[in-house]
Every structure is written in C-alpha cells, then in structure tokens.
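J.: Dropping a structure here in structure tokens format, bear with me for questions.
The values are calculated or read from the model by the stated rules, or taken from the named source; none is laboratory data. Everything numeric here is computed off the predicted structure, so don't read it as measured data. Cβ placement follows ideal geometry from the backbone for every residue including glycine, while neighbour counts extend to all protein chains displayed.
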Amino acid sequence: MAEVRPDEVSAILRKQLAGFDSEAEIYDVGTVLQVGDGIARVYGLSQVMASELVEFPNGVTGMVLNLEEDNVGCVLFGESTLIKEGDMVKRTKRVASIPISNKVLGRVINPLGEPLDGKGPIQAEKFFPIERKALGVIARQPVKESLQTGIAAIDAMIPIGRGQRELIIGDRQTGKTAVAIDTIINQKYTHSEEAKKYGIKPVFCIYVAIGQKNSTIAQVVAKLEEHGAMEYTTVVSAPASVPAPLQYIAPYSGATIGEFFRDNGQHALVIYDDLSKQAAAYRELSLLLRRPPGREAYPGDVFYLHSRLLERASKLSEEEGGGSLTALPIIETQQGDVSAYIPTNVISITDGQIYLEPNLFNAGVRPAINVGISVSRVGGNAQIKAMRKVAGSLKLDLAQFRELESFAKFGSDLDKATQRTLAKGARLVELLKQGVYAPVPVEKQVVAVFAGTNNYFESIPVKDVKKFEKEFLEYIEVKSPEIFESIRTTKALDDVTIAKIKSGAEEFLTKFKRSE
Amino acid sequence: MSVFRVANRYAAALMSLAVEKNNLEKFSEDVEFIHNTMSQSKELRLFLSNPIIKKPVKLTVFKEILKSRTNTDLAGFVEFIISKNREDLLPDIIKRFLELRDDKLGIVRGEVTCAVELTKEQQINLKKELENYTKKKVELTFRVDNKIIGGFLVKAGDTVIDASITNQLKLLRKKFSEQN
C-alpha cells in the first residue's frame, strides 16, 4: 500500500469540504400515525403530491398513494419493521422516478433504478417519472415495421410490429417466458453491422420480472448472457421476495426505460413477465390501503392499471423521431380460464394475443402456440412482403387441417383429398416446431414455409420433416445463397427467387436420405 | 366516520358562530381556557370520555368550569356537544378550532429549538426574519436542546427550517459517502 502522509490527508479533506455549502435546509415533514403490512399512515405532509417519494428513517423510502383529509397513506419500499409510530417522514419533492441513460443496458436493476448486479452505480444525469401519460394520436403513426421474434409460427401467422402490444397468454409451464426470451435473443441480429446495411434499426430490450423466483430471474439473465443478448437488454427485477409496492411499480419503470429509447428515435421492446402477479401485488396494497374491493377482490381501477401501462407502447410519427416501443405482456391463466378478470381485461387492451396450450405442449408441439385462436390485429403490415406472400396459404392449410383433424382417426377410410389435407397439415405442424433459444432468421423462415405450403414435404415422413428442413436450408445456403440474400435485401419474393427455390427443392428431394 | 371530519364540522360551526357574533377574540380566549384546563387535568379528560358517567353530571361539571366565563354561546355549544354524545371529541374540536382561527388570522405557529438559550433580541430578530420569509404573522415558542449541537431548527406546521449543526454533519456524511 502506498504511504499516505498526514498533511496529504488534510489537503484532500480540505478539497472535499471546499464544495460544501452550509445553508439551512428547508423541508416538509410528517409524523407516522400507524404502520404495518407495508403501509404507513402519516399525519402532516400537507403539501405532498400523489405518488411522490417520501423518506422514512433507517433509509426506508415510500410512495404516497392515498391523500386523505387528515392523513396520507404511503406504501413502503422497505421493511416496515424498521419504522415505528411517531417517526418523522420527509418529503423528497420528487414524484417516483428512475435515473436512465444508455448505461442501463446490460444491467439488472430494481424498479427504483438501483443496480442489483454488483457492477457498480449506473451513471445517469436525468430522472424520468415512472408514471407518464401515454402519447396522443398526433404523435403516433400506424405500426409498419416488423419485429422478428425468430419463431416461425409467430412471424408467419401472428406477426408482431414495432410499436404493437401483443399478449402472451397461457397456463403455467407452457413456455410463455421462452417465447419472450427467444424474441430478445433474436434482436441480436438487429444490432449487427449486417442489419445496418439492410436498414434494420436496432431494438433495445427490457425484461421486467415481476413476482418471480430470484433463481428464475438469475437463469434468464444467464441465458441472455450466454447468447450475447445482455449487451442490449436491461432486466428490471422485482422478485416475489420484495414488497408488493415494488412489484406494482416495476412495469412502469420498465415502460419508462423503453420510452427513453423510443423518444430518442430508437426502438425498444419491453416484456412484462407477468402482469397477473402485478395485478395481485396491486390488489394487496389496495386492500391494505382500504380501497373497496371489486370483482375477484381487485380494486375498481385494475383495468386502468393495465391500460395506462400498455397504452404507452407506441410507434412515433416521423416528426417525433419515428421511434417505437413494443410491449409483450405475459398473463398466466389458471387451468386455461381466459374468462377470468385480468386475462379478459388485458386481452381487450392489447392488439392481439398468442395462446399457449398445455395440451399442445405435452403433445410435443413446441412452442405450444394455438394458431387457431391466436391473432395479431396489426396483421400483414408488420410482415415483410415475402413472408406475407407465403404465410397466406400456410394459414389456410392449417385452418383446413384443424377442421378435418378430428377425422384423422378414420385413416384410410377417408377420401384422397382429405387424406392429402391431413398429411400436409401434419407436416406443417411439424415444420413449425422449434427448439428454445434457437430463433430462425426471417429469410430461412420464408424458404421453409414456402417449401411446406408447396407440397415439397409430401413424400417425407412426418418424423423427418425437421431433418429435411434443416438440411434443405443448409443446402440452399451452400448452393444458392443468393436466395437468402435477395429476400434480405428486397424483402420480397420475386419470380426469379421463387423459381430458384423450386428448382433447389426439387434437386434436394432427390438427394435427401431418410432416417432409418 | 373519521374523527377529523366530525371535529372539523363542529369546529367550523363554532367558528362561523364566533364570526357571526363578531366576537372571535373572546371566543378563542374562552376556547383556549377550556383547552388549557383540559390539557392540565387528566381527570377531566377521562371524566369526559367515560361513557358510564351520565350526561347531566357532565353538564353540571362544565357549567361549573365555565362559571367564571361570561360567554353563554360557548357554554351552549359545549352543552350541545354533550347532548349529541360527542363530548369525547371535544379536545379534537378545540384543536381544530384553534387551527381554523390561526388560518383565519394568518398566524403561523412555530417551535424553535436551539442549543443555547436565545437572548430577547435574538428572539425578536429571528421572529422578524421568519415573518419576512412566510409573509405571515409568526408566533414562536422556544426550546433548548443541546442534541442539535449548534445553530437552530424551526418547525412551523409541516415545514422545517433546519440550520442545526447535527443536520450539517449529516449532509456532510451523505456527501462524502456519495462521492465514493
């Protein structure tokens, strides 16, 4: 250790003290009347604003939620056992807000913007309020760019656009989080030099974990790091172990981070995993604040809770910079009951939903997306032309397949046309199966779906469909990479390319070796 | 219903009565008298809030206390409150009445804490400064507490003007810990 001389110490101290002004501090205070269950009733604080942050002793902070005639109801972000009756509460004159800058990327933070990953403080000059009013009509424009999830079933049939709100809904253990993580991983491409060349703007991701196990969050972060996706991702963590108020504000913090990118003309994707837990946290603190309970004991403004959050997703007009904020909320249903209060609310707010079903999941159809009832109300605008062209017949084929599926058990008793439809459908379902954390680029999806809908799989046994697809795409990659190149650059599927894919497929069919 | 709402309602009624009779000074003097009597006597407070003691008994006692006072309106008000079974709220009503009066007259009440006793001159100067700052009439009570080491601390309503050495040290500590 270097030796420090006493006179140096005093010089350093003097320097530090030089900037310290000793003016009187003026602040507003209140007194704790009652405390418990994460709620404090405070007397005084007569000038306090709704959702202002207040300071309690022992470093506990709180947020003002109820303004009543003679007292103020605060929710606590820390241990309520550290606070006792008669303690002094100090105003901060700051509405709940978090510090944001580009430095939040790659970090794990709590809903108040404090780092949780031990990588040191986050440099940010500006605080942004976590609750902001959603933009009006003038500042927006229709969703028109695609946000590729890398999952063929979604990108082909339930396309998501930048600025859209698409709900991911399903029972527990149906792969909801996996869909979201895949989407984040697939955005890696948008940050590459190659994407820049094709005019694809980077998408920054925010993953908001609400009411989950700490171990699950750690797993997600590890997965993202493993795939190099943490560089452009922020994780807002409000695990089950933190007080309900923090779980309640977590999605709003995430939305504020997303808006930071959006308002700088960039693109952001925010995932709320999941909003059922957030609603439960909000119910908890509403009941503790003695707000009247309504259906399923949720307070009356639980619809507004989610609508004001999801309304913040938007595609800005060119005058506003053209940025976007896409939201992928996740809702967990109980026993597939989508008519419960929270699921119906969120379904009605979002621009479509992706249903994940345990039956499909258990039958090995993964991702377990029920394409029959999943929709995207933005539709073809959010797809590249090439995909729109091939996806139309895919949807139709699958719809016909579902209609006849129940007859499949009659097997050879059916007429030829029905048998063909069933065989094609089974192959298409197989084609849309995909592993986790293995997103597929859009040009490959287009070629694979094209081959599927144009009956090139007819002679291939169902169990070999995946093998055929993989080898076929590799074959194209080597033999005629200009096909992929053309789709990437023109984003369309011209006749020349179609002819090339057809000849490539016919050639490959003769070379393909079935598995034994 | 919340105590505050009830107390506020009665206090506002008493206030408007006082204004109507154009006798706010006398009223507040008498109310302060009841306030002082009650805050000095725990027995009286317990007596008032005890539901077993019958109304007539409570009334007689209050008549006895207010005998020296000539204000019949106030005596009538107290009688009314007892008849309405709200006598346990009397301290709250009185407190609220005094607050309303301060609001009306533009008086700010503050408590000054110092480490040492202030001289008369210092007290007057401090009061003048505060009146300049708040643009209202300021009434101060003084308290000595050597825990604040030096400087002073004024608490007026919900606002605290903290010029104490303890707070300066606290801020200094915060500043140092933030830099590292």
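J.: Just to be sure I understand, how many residues within the stretch A:408-433 are surrounded by fewer than 20 Cβ atoms within 10 Å (Cβ to Cβ) and touching a Lys or Arg at 6+ places or on another chain (Cβ under 7 Å)?
T.: Total meeting the criteria: 1.
J.: Only one of B:Arg101, B:Arg86, B:Arg96 is within 11 Å of chain A (Cβ to nearest Cβ), in contact (Cβ under 8 Å) with a residue 60 or more places away in the chain and on the phi < 0 side of the Ramachandran plot; which?
T.: Of the residues listed, the single one that is within 11 Å of chain A (Cβ to nearest Cβ), in contact (Cβ under 8 Å) with a residue 60 or more places away in the chain and on the phi < 0 side of the Ramachandran plot is B:Arg96.
J.: May I ask you to verify whether B:Ser68 is more than 13 Å from B:Ile94 (Cβ to Cβ), in contact (Cβ under 8 Å) with a residue 12 or more places away in the chain and either polar (S, T, N, Q) or in contact with a helix residue (DSSP H, G or I) (Cβ under 9 Å, 6 or more places away or on another chain) (or both)?
T.: It is false that B:Ser68 is more than 13 Å from B:Ile94 (Cβ to Cβ), in contact (Cβ under 8 Å) with a residue 12 or more places away in the chain and either polar (S, T, N, Q) or in contact with a helix residue (DSSP H, G or I) (Cβ under 9 Å, 6 or more places away or on another chain) (or both).
J.: Now, a different point. Using the structure shown, decide if A:Gly118 is more than 14 Å from chain B (Cβ to nearest Cβ), in contact (Cβ under 8 Å) with a residue 60 or more places away in the chain and within 25 Å of B:Glu178 (Cβ to Cβ).
T.: no
J.: Mind checking which residues of the stretch A:290-313 are aliphatic (A, V, I, L, M) and either under 20 Å from the mean Cα position of the chain (by Cα) or surrounded by 16 or more Cβ atoms within 10 Å (Cβ to Cβ) (or both)?
T.: Within the stretch A:290-313, A:Val302, A:Leu305, A:Leu309, A:Leu310, A:Ala313 qualify.
J.: Could you figure out which of (1) in contact with a Pro (Cβ under 8 Å, 6 or more places away or on another chain); (2) farther than 23 Å from A:Ile181 by Cβ isn't true of A:Arg295?
T.: So the condition that A:Arg295 fails would be (1).
J.: Sort out which residues of the stretch A:27-45 are in a loop (DSSP other than H, G, I, E, B) and more than 24 Å from B:Leu171 (Cβ to Cβ), and write them in order of number.
T.: Listed by number, the residues that qualify are A:Asp37, A:Gly38.
J.: Just wondering, is there one or more residues in the stretch A:60-74 that are on the phi > 0 side of the Ramachandran plot, within 13 Å of chain B (Cβ to nearest Cβ), assigned to a strand (DSSP E or B) and not hydroxyl-bearing (Ser, Thr, Tyr)?
T.: no
J.: Further question: Would you call A:Tyr272 among the aromatic types (Phe, Trp, Tyr), farther than 30 Å from A:Ala40 by Cα and within 16 Å of the chain's Cα centre (by Cα)?
T.: Judged against the criteria, A:Tyr272 is not a match.
J.: While we're looking at this one, here's another question. Kindly evaluate A:Val108 against the criterion of being β-branched (Val, Ile, Thr) and more than 14 Å from chain B (Cβ to nearest Cβ).
T.: Yes, satisfied.
J.: Consider A:Lys93 carefully, then state whether it is on the phi < 0 side of the Ramachandran plot and at pLDDT below 95.
T.: No.
J.: What about B:Arg109, is it closer than 30 Å to B:Asn167 by Cα and basic (Lys, Arg)?
T.: Judged against the criteria, B:Arg109 is a match.
J.: Could you please let me know if A:Ser324 is crowded, with 19+ Cβ neighbours inside 10 Å, modelled with pLDDT of 95 or more and polar (S, T, N, Q)?
T.: In short, yes.
J.: Follow-up question, since we're still on this one. Could you list, in sequence order, the residues of the stretch A:50-59 that are under 31 Å from the mean Cα position of the chain (by Cα) and away from chain B (no Cβ under 14 Å)?
T.: Selection gives A:Ala50, A:Ser51, A:Leu53.
J.: Evaluate the following for A:Leu13: is it within 9 Å of chain B (Cβ to nearest Cβ), in a helix (DSSP H, G or I) and surrounded by fewer than 16 Cβ atoms within 10 Å (Cβ to Cβ)?
T.: no
J.: Say we look at the stretch B:122-172 and pick out the residues that are among the basic types (Lys, Arg) and within 11 Å of chain A (Cβ to nearest Cβ); which of these is farthest from B:Glu111 (Cα to Cα)?
T.: B:Lys170
J.: Whether any residue in the stretch A:34-49 is within 14 Å of another protein chain (Cβ to nearest Cβ), surrounded by 12 or more Cβ atoms within 10 Å (Cβ to Cβ), under 27 Å from B:Ala163 (Cα atoms) and touching a helix residue (DSSP H, G or I) at 6+ places or on another chain (Cβ under 9 Å) is what I want to check.
T.: No, the stretch A:34-49 contains no residue that is within 14 Å of another protein chain (Cβ to nearest Cβ), surrounded by 12 or more Cβ atoms within 10 Å (Cβ to Cβ), under 27 Å from B:Ala163 (Cα atoms) and touching a helix residue (DSSP H, G or I) at 6+ places or on another chain (Cβ under 9 Å).
J.: Out of the residues in the stretch B:1-40 meeting the condition of being within 13 Å of another protein chain (Cβ to nearest Cβ) and of a type in the set (S, T, N, Q), tell me which one is surrounded by the fewest Cβ atoms within 10 Å (Cβ to Cβ).
T.: Per the stated criteria, the residue is B:Ser2.
J.: Consider A:Val48 carefully, then state whether it is in a strand (DSSP E or B) and in contact with a strand residue (DSSP E or B) (Cβ under 9 Å, 6 or more places away or on another chain).
T.: Against the criterion (in a strand (DSSP E or B) and in contact with a strand residue (DSSP E or B) (Cβ under 9 Å, 6 or more places away or on another chain)), A:Val48 does not qualify.
J.: Kindly indicate the residue of the stretch A:368-383 that is touching a Ser or Thr at 6+ places or on another chain (Cβ under 9 Å) and crowded, with 23+ Cβ neighbours inside 10 Å and also farthest from A:Ile487 (Cα to Cα) among those meeting that condition.
T.: Checked the stretch A:368-383; the qualifying residue farthest from A:Ile487 (Cα to Cα) is A:Ala368.
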